[in-house]
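Undergrad: Dropping a structure here in structure tokens format, bear with me for questions.
Read the figures in this text as sums done on the coordinates, not as results from a lab. Everything quoted here is computed from the prediction, not taken from an experiment. Here the Cβ is made from the backbone with ideal geometry for all residues, glycine too, and neighbour counts use every protein chain on show.
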Amino acid sequence: MVKALKINKDSEQAVIDLLKLLLEDNRIKGVLTLKKINKKGDVAYTLITRPDELDDAVPFYPLMPINAGKLLSRFTLKGKTREPIIAVVKPCELRGFIELVKRNQGNLENLFFISSTCGGVYPIKMAVDGVVKNNLSRYWDAVKKNENAADLRPACKGCEEFIPYTADMTVDLIGKNDLDKQCVILLNTKNGEQLVRNIKLGEFIEGELDKEKLDKLRVKREKEKKKIFDEINAKINGIDGLIDIFGRCIGCHGCMRVCPICYCKLCEFESPDSEYTPSNYELELKKRGGLRVPPGILYYQLGRLTHVSISCVGCGSCEDVCPVNIPLTSIFKKVGESVQELFNYIPGRNLEEDIPLITFEKEEFAEIEE
Amino acid sequence: MSKNEEKKLRKKAAILSAKNGIREGIIDFLKKSMDRNIFDAVLIPMRVPADDSFTYVLIRDKNLLKNAFPLPPVMSIQGGKAVSSITRLGKSNIKIAAVMRPCEIRATIELTKLGQTNLENITLIGIDCPGVLPLSDFLNNPEEGMRLFDDAVSRWDDRIMRPVCQMCDKSSMIVGDLHIGFLDAEKDSFFIISNSQKGSDVIDKLSITPQADISSWQTKVEKISEKKHKKREETFRELKSKIDGLDNLLDTFSQCISCHNCMKVCPVCYCRLCYFDSDKVKHPPEDYLERAKTLGSIRFLPDTLLFQIGRMIHMSLSCVSCGSCEDACPMSIPVAQIFSMVADETQSMFNYVSGRNLEEPLPLTTYKEDELHEMEDTHG
Amino acid sequence: MEKDKEDFMPKILAFLCNWCSYAGADLAGTSRIKYPPSVLPIRVMCSSRVDPLFVIKAYLSGADGVLIAGCHPGDCHYEKGNYYARRRFVMLKKIIEEIGLEPERLRLSWISASEGNRYAKTVTEFTEKIKKIGENSTKNRIFL
Ligand code: SF4
Ligand code: SF4
Ligand code: SF4
Ligand code: FES
């Protein structure tokens, strides 16, 4: 049991009202959240400082235009924010940010986080023709019923990490039948509790997430995940399987650019080290008789796997952005989880846990030496 | 080269047989050229093993040529980028024929002016271009896409091609060292015509005599270009009304997710580290907050339009309207159409056509003392 | 094909740390211990200098095997290098396995400066193993 704030209102509206009050009271100076940015109803992350600008906020909109972890890194890359800011983010976005902080790409000071039990999001490509808008009522019905909505991204369908680890406040959404009438915000941290102390909204209660209910969803998601991984395993089949999967990659490197774990200013695979000189080409031609141009599609993909799999949070951004629909997240998540398992590591779970590659134990993995 | 010489080189074409189709005919021509050591390798599109897309391959082993696809139904990699990948770090030591569409050759020429390719030992071979399908359309069903494309090409019908292709009035522009023309030819032949000394040398070495007159091809090309030019004006008129004014412009780019795919695939955006990915656009939190406070809220990341307009400023004079950016945009923003429109306007101010001629300097690297007076004191 | 397997001499890229394994290899040579001519040694200052990308690059370029060798745990000239190297290796091997490539082509061994015999044995064993697996067909692929 933790302290919780209960507000008798639609959950999304309640959170908006809470954010407004926090801004009005000067308890915070800015809000990062999803918001409708035009008449068409397109949704984007927005940094809000004036309460009335929250009118069009849609904190729990089922879309991840950009992984917010990446945005928060951009926001605090040059130093901590001196004024307190609150961000409403999805659990994997928060985990992404924590991984970035571990890499000195962000600063947690004066940042507060609201997250929720997460019902998943739709592919960004569905936002193009406003399809997401039309799906909203179906989406919330599924969330209430503790189910996966149809057409969610594969990354979300098979995501078991739908409860945030380090959020100051968690909004209880999944399987909550009355989420459009009542909002329960769990205050997980002292910071969170302090921030809303004596706020004139709703009532303070003791609360907790319904573990049993959430486990039911977890089982469903595990099943989905297994299905997705099995499908990938069937396709991955030696070097030729990889060439089949990645052969249509156009080398846009969008996947790297949107990945919260890929933070390098200049990616190795865009650096001079990855370029071929004319004599490199000649050598390869002698060996192979021909070579794809530009070369290095697999070098890039496998290389990126060595760079990010230890910290991949399975957020789905890479697959979302890929213009040629390569099932990137399914692959990166599958490989990522198996690597993380070796070290009993869940990326973004805890700021204090070192990234496994920068630490070691003297007695371990003896079986690997031959 | 003087204008006259240029004309002379171009006047007559050599007719080659295409009894088994244009594709076979072109492959045959390339094979013969390799047999005679005119080229050591050929850069040409090939189908990927999964059969769901195409990519450029540098072929040295002649046996691979049979899998070449001189006119693939999609442009998944812009040829200019391919040539640059091979020669950016220095001239090629082997002689390479690069078979590409006209806009890809134009990109290659722009990249050469920008110091990103070295054309020594490269022979550029252009082809009449029927256009390509939108990449995503093709990927939805590659088999069907292939069929539709072949069918459309046989009728030279561009209605299923990408919007930029439908309005491309340079689809048969002779810009390489050699050009392959077939839109006019009888079904069982095509012609090849030289456009430079390099090109003429190839024809000489193959001992084929350029005797054919291409005026009927020219007439046809003119007709097609005219039609496409009309379509271009029409499209731009419509587009202009859609993006006119700040609000419309913002709406057009409202779904941009800042992935910068467009920049990355654009052949003429060659910077290793884009300005808009550099430290220059990363600010301390106070700056972002200050901006938010003056407006009540700002989109985060901010400056989507700054990127788009900035990119226009950086490369619209060299944009070849190839459509790659639009293909790569996961949010289906009509980037290429917009850039193409702006490019037409900026290039025409300098009477410049990107990639038309290697000898024409980039407009911003040169000036005349007496020019552009109409732009002075424009507020007056 | 079968015949090829018989007289196939694998190409093994060996990253040997300067302070132990390279010296071990040297000792094997000066002591005239016999081992197969399959290895192309690359001297690195420490086993932790081996970027996983080196291994990927080697694999895609057609190396039949990659050996990383360093000082025994506790003996690294830089104290901790080989512990990090071991973690990286474990990760790399897992990735290779998970994407359906051949983890058997990778090997990590600790060989000290005085272990010329161990070096020879490692190379002999590894070479035999790779002979059984056969050639790395990646070197013929053009769509990489
Ligand atoms: S987003 Fe897709 S096309 Fe672009 S580099 Fe990544 S895998 Fe390749
Ligand atoms: S690899 Fe893909 S799924 Fe994993 S963190 Fe990066 S963008 Fe997200
Ligand atoms: S801006 Fe777009 S259309 Fe113009 S050259 Fe670049 S990729 Fe091609
Ligand atoms: S110096 Fe030998 S492993 Fe570090």
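Undergrad: Partner chain Cβ atoms within 10 Å, averaged over the residues of B:43-49 - can you pull that number for me?
TA: 4
Undergrad: For residue A:36, what charge total do you get from the other residues with a beta carbon under 13 Å from its beta carbon, if Lys and Arg give +1 and Asp and Glu give -1?
TA: Details: positive: A:35, A:39, A:40, A:133, B:299; negative: A:12, A:42, A:53, A:55, A:56, B:251.
Neighbour charge sum, excluding residue A:36 itself: -1.
Undergrad: Setting aside same-chain residues fewer than 8 positions from residue B:280, which lysines have a Cα under 23 Å from its Cα?
TA: Partners found: A:70, A:78, A:80, A:265, B:264, B:293.
Undergrad: While we're on this one: So what are the radius of gyration and Dmax for the Cα set of the stretch B:34-111, in Å?
TA: According to the Cα coordinates of the stretch B:34-111, Rg and Dmax are 12.4, 34 Å.
Undergrad: Return the sequence-ordered ³J(HN,Hα) values of the stretch A:124-130 in whole Hz as given by the Karplus equation 6.51 cos²θ - 1.76 cosθ + 1.60 applied to θ = phi - 60°, using x for Gly and Pro.
TA: 4, 5, 6, 6, 4, 9, x
Undergrad: Have a look at B:62, B:220, B:280 and tell me which one the Gaussian network model of chain B (Cα, springs below 10 Å) gives the largest fluctuation.
TA: Fluctuation is largest for B:280.
Undergrad: While we're on this one: Translational D (Stokes-Einstein, µm²/s) of chain C at 37 °C and 0.692 mPa s when Rh comes from the Kirkwood sum over C-alpha pairs?
TA: Working: Rh = 15.4 Å.
Translational D for this selection: 213 µm²/s.
Undergrad: Determine Rg/Rh for the stretch A:90-150; Rg is computed over alpha-carbon atoms and Rh is the Kirkwood hydrodynamic estimate from the same atoms.
TA: On the way: Rg = 15.3 Å, Rh = 13.8 Å.
Across the stretch A:90-150, the Cα-based Rg/Rh ratio is 1.10.
Undergrad: Cysteines of chain B lacking any other cysteine beta carbon under 4.7 Å?
TA: B:129, B:165, B:168, B:256, B:259, B:271, B:274, B:319, B:329
Undergrad: While we're looking at this one, here's another question. Along its principal axes, what span do the Cα atoms of chain A show, with the longest given first and each in whole Å?
TA: Extents along the principal axes: 75, 44, 43 Å.
Undergrad: Let me ask you something else. Is the protein assembly as shown best put as rounded, prolate or oblate by its Cα gyration tensor, with a ≥ b ≥ c the root eigenvalues, rounded for a/c under 1.5, and otherwise prolate when a/b is larger than b/c, oblate when not? Walk me through the intermediate numbers first.
TA: Numbers: a/c = 2.05, a/b = 1.18, b/c = 1.73.
Oblate, because a/c is 1.5 or more while a/b does not exceed b/c.
Undergrad: Another question, if that's okay. Is the stretch B:3-231 best put as rounded, prolate or oblate by its Cα gyration tensor, with a ≥ b ≥ c the root eigenvalues, rounded for a/c under 1.5, and otherwise prolate when a/b is larger than b/c, oblate when not? Write out the running numbers ahead of the final one.
TA: Working: a/c = 1.34, a/b = 1.11, b/c = 1.21.
Rounded shape, in that the Cα axes give a/c under 1.5.
Undergrad: Suppose we look only past 16 Å in the calculated P(r) of the stretch A:195-251. What percent of the Cα-Cα pairs does that tail hold? Please list the in-between numbers first.
TA: Numbers: 1112 of 1596 pairs.
Of all Cα-Cα pairs in the stretch A:195-251, 70 percent lie more than 16 Å apart.
Undergrad: Right, another one. Pairs of Cα atoms under 8 Å, at least six residues apart: use those to get the relative contact order of the stretch B:3-231, whole percent.
TA: Dividing the mean separation by the residue count of the stretch B:3-231 yields 25 percent.
Undergrad: Grab the alpha carbons of the stretch B:1-136, take their convex hull, and tell me the volume per residue in Å³. Mind dumping the intermediate values first?
TA: Numbers: hull volume 18.8 nm³, N = 136.
Spread over its residues, the Cα hull of the stretch B:1-136 gives 138 Å³ apiece.
Undergrad: Mind pulling the angle between the C-alpha long axis of helix A:11-24 and the longest principal axis of chain A? Nearest 10 degrees, somewhere in 0 to 90.
TA: With rounding to tens, the tilt is 80 degrees.
Undergrad: Still on this structure, I have one more. What lysines could a cross-link reach from residue C:80, if we take a straight Cα to Cα line under 23 Å and drop same-chain neighbours fewer than 8 places away?
TA: Cα-Cα hits under 23 Å: A:102, A:362, C:93, C:94.
Undergrad: Using the Cα centre of the protein assembly as shown as origin and beta-carbon charges of +1 (Lys, Arg) and -1 (Asp, Glu), tell me which of A:100, B:313, A:246 is placed farthest towards the positive end of the dipole.
TA: Of the candidates, A:246 comes out farthest on the positive side.
Undergrad: Over chain B, with a Gaussian network built from C-alpha contacts below 10 Å, which listed residue (B:276, B:69, B:182) shows the highest mean-square fluctuation?
TA: Answer for the Gaussian network model of chain B: B:276.
Undergrad: Under a straight-distance cross-link criterion of Cα-Cα below 17 Å, which lysines are reachable from residue B:95, leaving out those fewer than 8 residues away in the same chain?
TA: Hits, sequence-local ones excluded: A:286, B:31, B:32, B:62, B:198, B:205.
Undergrad: Determine the relative contact order of chain A: mean sequence separation of Cα pairs under 8 Å and six or more apart, normalised by residue count, in whole percent.
TA: Details: 602 pairs, mean separation 73.6, N = 370.
This gives 20 percent for chain A.
Undergrad: What is the stretch A:239-370 by shape, rounded, prolate or oblate, if you read a ≥ b ≥ c off the alpha carbon gyration tensor as root eigenvalues and call it rounded for a/c under 1.5, prolate for a/b larger than b/c, and oblate otherwise?
TA: Details: a/c = 2.01, a/b = 1.52, b/c = 1.32.
Prolate, since a/c reaches 1.5 and a/b exceeds b/c.
Undergrad: Relative contact order for the stretch A:111-157: what is it in percent, counting Cα pairs under 8 Å that are at least 6 residues apart? Walk me through the intermediate numbers first.
TA: Values: 27 pairs, mean separation 22.8, N = 47.
It rounds to 48 percent for the stretch A:111-157.
Undergrad: Moving on to the next point. Most fluctuating residue of B:215, B:354, B:278 in a GNM of chain B with Cα springs under 10 Å: which is it?
TA: B:278
Undergrad: To continue, here is another question. Can you list the cysteines of chain A that have no other Cys Cβ under 4.7 Å away?
TA: A:118, A:156, A:159, A:183, A:249, A:252, A:264, A:267, A:312, A:322
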